[in-house]
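Before any comments, here is the structure.
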Amino acid sequence: MTRSTVRSGKAGVVALVLVAGGLAAGCDASPGPATASPSEAAPATPTEVLPTEVLPTPVVTPVPTPEGAEGDVVLTAANIAFLEAQVTAVADAPFTLQLIHKDPGIPHGVEIRDGAGRSVFRSEIVTGPGAPVFDVPALEAGTYVFLCPVHPNMTGTLVVDS
Ligand SMILES: [Cu+2]
């Protein structure tokens, strides 16, 4: 009885050691691939939420006349749009209108229409880039529309002041 008890005890110890060894081996192997997995590492990266700066509403300022501009009135065409929403000319006197044309390979021109929609001036069409100056005849005081004959969406206001 006592022998068999001792034997079974030894066997039990051996079995425990084997099991422990097996567990240890399993523990050594499993953490490796788990921590190396990038899919688990990515979500763990803390996402820094920066405070959103509250900027003041931008004030619409007139586009400064480009350096080297020669016209009495200067219009800038860029990205198939006039940068100037409104320009001013002096009434009852011929003036020059310069088109600063910044769209390479794209044709633009300038047409001026009076309040009744009549065309009072139309420049030649120019393929950019370039900076042609056109002579515009005297206009009566009033509010006109300028536009590009090629691109009707390119429009703005010409105020002629006496
Ligand atoms: Cu155009």
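Worth a mention:
- Region 71-128, residues that are of a type in the set (A, V, I, L, M, F, W, C), over 10 Å from Phe146 (Cβ atoms) and either within 24 Å of the chain's Cα centre (by Cα) or not in a strand (DSSP E or B) (or both): Ala77, Ala78, Ile80, Ala81, Leu83, Ala85, Ala91, Ala93, Ile100, Ile106, Ala116, Ile125
- Taking the criterion of being over 17 Å from Thr155 (Cβ atoms) and not aliphatic (A, V, I, L, M), the residues of region 111-133 that qualify are Glu124, Thr127, Gly128, Pro129, Gly130, Pro132.
- Counted residues, region 77-107 - those being away from the ligand (no atom under 12 Å from the Cβ), of a type in the set (Val, Ile, Thr) and surrounded by fewer than 21 Cβ atoms within 10 Å (Cβ to Cβ): 3
- Answer residue from region 129-149, given it is outside any strand (DSSP E or B) and crowded, with 17+ Cβ neighbours inside 10 Å and is nearest to the ligand (Cβ to nearest atom) among those: Cys148
Read-outs throughout are calculated quantities, based only on the coordinates presented, and are distinct from any laboratory measurement. Since this is a predicted model, take the numbers as computed values, not measurements. Virtual Cβ from ideal backbone geometry, glycine too; neighbours counted across all protein chains shown.
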